[in-house]
Amino acid sequence: MVIYGADQVSALVASAGNSTLSAGYAGEDVPKTVIPTHFSHLNDKSYFGDNGPDVYRPGYQVSNTMKDSLVDDFDKFTNLLEYTFNDDLRVNTEDHPLLLTEPAWNTQKHREKLAEIAFEKFKVPGFYIANESVLSAFAAGKSTALIIDIGSDSTSITPIIDGFVLRKGVIRNNIGGNQLTNAYLESLDENQRQNVLSNLIPHQLIESKTTVELGQSPKFNLRSDTNPTDSWLEYSKSKILKDWREATTAVYENHIWDDLNVLQRPIKSFEFPTGFADNFTTSRYKASEILIDSRNFNPVQFTPNSFEPASINPSDPKSIAELIKESIQSVEHDSRTQLLSNVILVGGVSSTTGLSERIQAEISKFHTNSRVKVHSPANTVERKFAPWLGGSILGSLGTFHQLWISQDEWREFGHPIVSMRCK
């Protein structure tokens with residue numbers, strides 16, 4: 001067995017969100033693998049990871065193991081971890097302690113179930129579950145920070161004071177990358193929207209295509225041997241839309257909108273799998289306003305986790321500045337200045353051009369007498385995988401070995417040891 005105390009830690013770190021699971025070894029700079037949390041299935045047969053929903057299989061449905069950033073199907077999530085450890089990392093989990101990440105709204109029931117899977121299924125010698133926002137602050141070298149995490153389905157504001165989550169200050173809404181994509185589609189004129197929607201054909205279904213000029217009708221041939229399910233098509237189309245959104249959207253960095261200035265901004269083009277390509281102008285800025293103030297957009301339906309609802313529900317529609325103000329005001333007055341000067345922006349959507357500058361401008365409107373500084377890692381990997389990177393750093397520290405829950409402790413105390421040890 002690998003010794004994981006002192007300076008000989010050999011831990012596995014895994015972090016799952018609504019769309020992807022990242023995993024690798026503690027002490028490394030990037031995850032070894034990043035795979036979908038979705039899986040494809042037909043009857044009793046399921047496929048995961050790179051061999052899962054991105055591969056077309058006749059009759060196969062696609063489902064997600066996660067909902068609201070929490071595990072929704074523990075049996076399939078266990079299979080997903082099994083694929084990660086056995087097929088991607090190729091490790092014997094009995095030789096490595098495991099560190100998992102969790103959102104601030106995780107519940108005790110979820111945490112205990114994850115510990116049970118780690119010890120009973122994977123026989124890990126040690127286990128720990130750590131808050132994602134604390135890990136994001138840790139990755140940025142901060143012990144006190146205000147973490148803004150914008151993921152695929154939600155935005156959360158979490159104050160961290162001396163390495164601990166101030167739970168009463170955690171605010172979240174149900175606006176994220178998926179809602180931004182929908183707003184982007186709605187912001188297009190009718191002709192351009194129909195062009196986008198008609199070219200959401202997954203590359204797996206295309207037999208051949210010919211290059212055409214920008215804006216011209218695509219020339220392609222579909223495979224004749226396919227009959228995809230609705231769930232597979234929905235998953236595949238959402239991936240195309242995500243690529244389109246990430247490649248073209250931007251945030252207008254000034255909090256006072258200026259149509260003329262936006263019109264003068266550079267045009268972004270995108271080519272869809274069919275070969276159709278188009279230019280995108282002001283709509284790519286207008287849509288991103290949903291991240292700043294969702295009240296001006298259509299309401300988004302929120303569906304809670306079916307295993308157990310989150311411990312902190314999304315707030316009513318508010319601007320991101322109001323969410324931040326509400327979070328800051330829940331903190332002792334002495335800590336507010338330090339939080340405002342250490343705002344850290346992370347999450348998959350945080351890479352949107354101009355977003356950190358705009359958030360700083362929005363916060364400054366409410367806090368005119370304070371120094372506001374929004375930190376956002378220049379490296380996209382650091383933004384997208386901040387919780388994993390924090391876990392990688394934490395799990396590699398020799399001093400951290402005292403916090404691992406051991407197999408012996410699990411056998412002696414059972415489920416209650418999780419809340420006793422993982423604060």
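A few notes on this one:
- Amide hydrogen neighbours beyond the local backbone of residue 38, cut-off 5 Å, H modeled: 65
- Local charge for residue 330 was computed over the other residues whose Cβ lies under 15 Å away, with Lys and Arg +1 and Asp and Glu -1, and equals +2.
- Straight-distance crosslink candidates among lysines, where the alpha carbon sits under 25 Å from residue 109 and sequence neighbours closer than 8 are dropped: 67, 76, 121, 123, 168, 423
- Using the empirical formula 2.2 N^0.38 Å as the baseline, the Cα radius of gyration of the stretch 196-249 reaches a ratio of 1.22.
- Local electrostatic count at residue 169 - Lys and Arg +1, Asp and Glu -1, tallied over other residues with Cβ under 12 Å: +3
- Computed across the chain, the Kirkwood radius stands at 22.7 Å (inverse of mean 1/r, all Cα pairs).
- Rounded to the nearest 20 debye, the dipole magnitude of the stretch 177-291 is 240 debye, with +1 charges on Lys and Arg beta carbons, -1 on Asp and Glu beta carbons, and the Cα centre as origin.
- Viscosity 0.692 mPa s, 37 °C: Kirkwood-radius Stokes-Einstein D of the stretch 177-291 over Cα pairs, µm²/s: 216
- Here the chain exposes an accessible surface that is 46 percent carbon and sulfur, computed with a 1.4 Å probe and the other protein chains kept in place.
- Helical runs (DSSP H, four residues minimum) scored at -39500 (n - 2.57) apiece and divided by the length of the chain put the mean residue ellipticity at 222 nm at -9000 deg cm²/dmol.
- Taking every Cα-Cα distance in the stretch 354-423 and sorting them into 10 Å bins from zero, the calculated P(r) comes out as 16, 26, 23, 21, 12, 2 percent.
- Cβ crowding within 10 Å averaged over residues, with 373-384, 135-146, 404-415 ranked highest first: 135-146, 373-384, 404-415
- Based on alpha-carbon atoms, the Kirkwood radius and the radius of gyration of the stretch 167-238 give Rg/Rh equal to 1.13.
- Probing with 1.4 Å while keeping every protein chain in the model, the per residue accessible area of the chain equals 45 Å².
- Distance histogram in 10 Å bins (all Cα pairs of the stretch 96-164, percent per bin): 19, 42, 31, 8
- Separation in nanometres of the label points that stand 7 Å from Cα toward Cβ, at residue 420 and residue 61: 4.2
- Orientation-averaged projected area, Cα convex hull of the stretch 17-113 (nm²): 7.0
- Summarising the strand pairing of the chain, around 75 percent of its internal DSSP beta bridges are antiparallel.
- Whichever lysines have a C-alpha closer than 23 Å to that of residue 365, once near sequence neighbours (fewer than 8 apart) are set aside: 286, 318, 325, 373
- Segment residue 247-residue 368, length gained on full extension (0.36 nm per residue, minus Cα span): 40.2 nm
- Modelled spin labels at residue 42 and residue 221, positioned 7 Å past Cα toward Cβ, are 2.5 nm from each other.
- Dimensions of the stretch 284-423 from C-alpha coordinates, computed as largest minus smallest value along each principal axis and given longest first, are 55, 36, 33 Å.
- Taken one residue at a time, the phi angles of the stretch 186-201 give Karplus couplings (6.51, -1.76, 1.60, θ = phi - 60°) of 5, 7, 6, 6, 4, 5, 5, 4, 5, 4, 5, 5, 6, 10, 8, 10 Hz. Gly and Pro are set to x.
The values are calculated or read from the model by the stated rules, or taken from the named source; none is laboratory data. Predicted model only: the values in this text are computed from it and were never measured. Here Cβ is always computed from backbone atoms with ideal geometry, including for glycine, and neighbour counts include all displayed protein chains. We work out accessible area using only protein heavy atoms, side chains counted, and drop any ligands, DNA or RNA first. Shrake-Rupley method; radii C 1.70, N 1.55, O 1.52, S 1.80 Å.
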